[in-house]
Each structure stands twice: as structure tokens, then as C-alpha cells.
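Input: a single structure, listed below in C-alpha cells.
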Amino acid sequence: MGGPLDPLDALAKVCGDVRPGEPEEGVLGVTPRFVAAPGTVAEAAEVMRVAAEQGLAVIPRGGETRLDWGLPPGRCDLLLDTSRLDRVIEHAAGDLVVKAEAGLTMERLAEVLAGRGQRLSLDVPLPGSTVGGTIATGAAGPLRLLYGSPRDLVIGLTIVRADGQIARSGGKVVKNVAGYDLGRLFAGSYGTLGVIVEAAFRLHPVPSAHAYVTTRVPDAANAHEAVQGVLHSPVAPSALECEASGDGITLGVLLEGVPEGVAARATRVADLLGPGADISHEPPAWWGAYPDGTTLIEVTAPPSALAEAPAATEGTAPADGAALLWGAALAGVEGCQVRWSASGKGYVGLTANAAEVAEVLARLRTTLARHRGGAVVRYAPEGVRTADDVWGPVPALTLMRRVKAQFDPEHRLSPGRFVGGI
């Protein structure tokens with residue numbers, strides 16, 4: 001009778017695409033021992049079952065667009081590649097619902113839906129993002145203002161647990177709300193609770209018309225006034241974005257609907273924004289993209305935080321990049337860029353050393369805490385990641401650890417990647 005199988009041999013018995021890992025496939029410098037690319041949900045479950053039997057630490061990989069977010073894993077025995085799980089399972093156009101596998105890219109999903117005049121109202125800033133990775137990181141773009149983030153649009157989820165068991169929640173009909181809790185739990189979980197293999201989303205019709213209204217304002221006080229004017233008007237924007245760098249702030253408002261209504265609403269927004277407002281069918285060049293820089297900081301900042309910036313910067317001598325939405329945090333740091341959405345999410349891009357990033361983080365967190373906001377480093381050079389507190393204060397950390405212990409008691413899923421070492 002043979003002895004126990006080597007992990008690679010054991011994985012090869014249940015998955016047709018298994019091989020040793022390569023250094024270039026490392027997750028923030030940690031090279032995986034093995035890489036497995038299952039082609040079906042059942043195969044993914046078998047891979048996870050073998051990983052549990054062998055005690056392997058598993059990290060899911062989609063399009064690698066956000067694999068450098070978070071912290072390096074404590075170990076990476078198995079990289080589970082979802083690229084072969086790339087099918088649209090069902091598009092129930094009459095119900096405005098689609099079900100797709102986790103490795104499908106968001107671009108390909110959009111193409112399929114557009115053929116029936118529908119869309120998943122979830123614009124993702126990074127090309128090549130997959131369905132599973134988008135949910136796992138909670139990623140969303142400007143449309144978040146009107147339509148929400150992945151946790152709001154997922155109506156059903158299929159996951160493979162740490163022990164290899166398949167778990168499903170929700171359904172493919174919007175009225176079925178049974179799966180919302182699991183969908184919300186896994187949105188933004190960074191692969192620490194299970195491997196997402198399928199997802200069902202609610203859809204919306206593609207608007208027949210759209211317009212972008214943009215204007216330039218000199219400072220945060222004017223930006224705050226303009227944002228409040230648009231949000232408290234009846235124009236119902238699909239997105240409202242701000243981009244700040246250098247000596248001013250650009251505001252962009254997206255309006256969608258029927259042609260006559262969009263035209264009238266665009267004129268109304270232009271009146272609200274004042275002289276110099278421009279109406280176009282094309283978005284600004286920066287629209288929906290992360291700001292440049294070697295370090296990306298994600299901030300949660302409601303509109304009320306804008307009003308505090310002018311007072312906080314009073315008495316400072318702003319350098320290039322300092323007259324931003326959060327001037328108090330960025331004063332004196334050159335080359336900063338800030339993008340902020342009226343949905344409450346924003347991003348700061350900067351190229352700075354660990355000490356400068358630490359100072360910016362401290363100022364941001366102090367300012368934003370008064371508005372129940374916060375700041376998290378999404379990606380950064382190794383020296384910044386190791387020197388600075390990437391996640392910041394997390395009031396729900398105790399609860400999150402309990403949830404982690406329930407879903408992954410052996411702590412084998414993306415170990416150490418998430419907040420608090422989860």
C-alpha cells in the first residue's frame with residue numbers, strides 16, 4: 001500500500017492544470033510552491049479539498065490587477081488561478097440578472113450584456129479585472145454613487161470553503177434576498193474567507209443617452225459648494241467626481257437617461273457650476289482611473305469632509321499638489337494627486353518615502369476620523385508597507401477575526417494579507 005502523495009501529485013490527480021510556481025508569480029515577493037487552474041467549480045472544490053488535506057496555504061488569483069493590494073502573505077503554498085473559470089453561465093435578460101464564473105473579465109461580461117442592451121453598473125478602474133477579484137476587493141468606480149458597490153449588486157454567490165465544500169447563497173432572481181448576507185460578507189474579504197467561483201448580479205438597462213459636465217474650481221471651499229449644489233438638486237447624477245492636483249480642482253458630473261432629459265439636466269448642472277462649465281459626451285481623461293504614484297491611499301470621506309479642508313490649510317504655504325481636497329494632509333508633499341467621489345470614496349496617489357507617507361496617513365486619519373472616515377494604503381513599495389500602518393484603526397477587527405475563525409479555522413486562506421493579520 002502506497003504512502004501519502006506528494007502535494008503536487010495529489011493536486012494533479014484532481015486538476016488537469018497543476019504545476020510548480022514561478023518566482024514571477026510571487027504575491028508581493030512570496031513565490032507560490034504550486035499553481036492550480038481548475039476548469040470547473042467541481043474541480044476547484046477538489047483542489048481546495050486536497051489543499052486542506054495537505055495543509056496548504058491558498059491564495060486565489062484572478063486577473064492580478066489587485067494582487068499587490070494588502071500585505072504579503074505569511075506563506076503561499078498554492079496559487080489558485082481562476083482564469084479558466086471564465087464563462088457566462090446564464091443571462092436572464094427578462095429578469096435583469098446575470099450569473100457568471102469568477103475568472104470572467106469585467107470587459108467580456110460587459111460585451112455579453114451590451115448585446116441585450118443591459119449592463120452591470122459597476123465600472124472598475126483597472127482593465128482586466130475579473131468578476132471574482134472585483135467582488136473580493138470590493139472595487140467600484142464612479143457609478144458607485146447611484147448604483148452602489150459589489151456588495152449592493154451581488155444577489156447570489158457560490159464559494160468554495162477552506163475545506164473544499166461548495167456553498168451557495170441567494171439566487172438568480174432579484175426578489176430572492178437570501179444570499180445578500182454572504183455576498184456582503186465576501187465583498188472586500190480579499191480571499192481570506194473562501195474562494196469565489198460564481199456570482200449572480202442584478203443588471204440595469206444601458207441608458208440611451210449620457211453627458212459629462214465639467215468645471216474647474218480654485219479650492220476646496222468652492223468644490224464643497226459646487227458638490228452640495230449638485231447633490232441637493234433634482235438632477236440625479238449617476239456619478240460626481242473630483243480630481244485635484246496643482247492649483248485647483250476639476251469637478252465632473254455624469255448624467256444618464258433619455259436624450260431630452262439628459263440635455264435638460266446637463267444644462268441645469270452647468271448653470272449650478274457656473275461660468276466655464278463644459279458639456280461633453282466624452283469623460284475627462286482622468287475619469288474613473290486611480291491617481292498616479294507609487295503609493296495609493298484609499299480614503300473614505302463623506303462630502304462634509306470637504307468643508308474642513310480650507311480651514312485646516314490656513315496658514316500653510318502650499319507646494320505643488322498641496323491645494324487639494326485634503327490640503328491639511330498633503331501640504332508640503334509635492335506631486336500628489338487626489339480623486340474623490342461623492343459616493344464617499346477617494347484615492348490619494350503620491351510618490352514619497354515611508355516617513356512622508358506616514359505623515360500623510362496620520363493627517364488624513366486625524367481629519368477623516370471626525371467624519372467617520374479613514375485611510376488605507378492599497379499598494380506601496382516594500383519600504384512603505386513595512387514601515388507604515390497600512391490598514392489603520394479598524395473598530396470591527398474583533399468581529400472580523402471571529403468570522404475568519406469560522407470560515408477558515410486553520411488560517412490557510414490568504415494568511416496575513418488582510419487587516420490585523422487575518
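The values are calculated or read from the model by the stated rules, or taken from the named source; none is laboratory data. Quick caveat: nothing in here was measured; it's all calculated off a predicted structure. Neighbour counts run over all protein chains shown; Cβ positions are idealised from the backbone, glycine included. Only protein heavy atoms, including side chains, enter the accessible area calculation; ligands, DNA and RNA are left aside. Shrake-Rupley method; radii C 1.70, N 1.55, O 1.52, S 1.80 Å.
Per the listing Leu296, Leu306, Leu273, the residue uniquely at pLDDT below 90 and within 30 Å of Val333 (Cβ to Cβ) is Leu306. Just the residues that are on the phi > 0 side of the Ramachandran plot and more than 11 Å from the chain's Cα centre (by Cα), please, taken from region 123-149. Within region 123-149, Gly128, Gly148 meet the criteria. Exactly one residue out of Glu241, Glu260 is part of a strand (DSSP E or B) and of a type outside the set (A, V, I, L, M): that is Glu241.
Within region 201-247, the set of residues being over 24 Å from Gly261 (Cβ atoms) and among the acidic types (Asp, Glu) comprises Asp219, Glu225, Glu243, Asp247.
Looking for something touching a residue at least 12 places away in the same chain (Cβ under 8 Å), open to solvent by 10 Å² or more (accessible area, probe 1.4 Å) and more than 27 Å from Gly257 (Cβ to Cβ) - is there at least one such residue anywhere in region 138-159? Yes, region 138-159 contains at least one residue that is touching a residue at least 12 places away in the same chain (Cβ under 8 Å), open to solvent by 10 Å² or more (accessible area, probe 1.4 Å) and more than 27 Å from Gly257 (Cβ to Cβ).
Looking only at residues that are surrounded by fewer than 17 Cβ atoms within 10 Å (Cβ to Cβ) and not in a loop (DSSP other than H, G, I, E, B) in region 269-278, which one is nearest to the chain's Cα centre (by Cα)? Among those that are surrounded by fewer than 17 Cβ atoms within 10 Å (Cβ to Cβ) and not in a loop (DSSP other than H, G, I, E, B), it is Asp278.
Taken together, Asp219, Asp181 contain a single residue that is out of contact with any Lys or Arg (no Cβ under 9 Å at 6 or more places or on another chain), open to solvent by 20 Å² or more (accessible area, probe 1.4 Å), modelled with pLDDT under 90 and farther than 30 Å from Leu157 by Cβ, which is Asp219. May I ask you to list pairs of residues, at least six apart or on different chains, whose Cβ atoms are under 8 Å apart, with the first in region 200-223 being farther than 14 Å from Leu143 by Cα and the second being open to solvent by 70 Å² or more (accessible area, probe 1.4 Å) and of a type in the set (A, V, I, L, M, F, W, C)? So the pair list comes out as Ser208/Val258; Ala209/Val258; Val213/Ile279.
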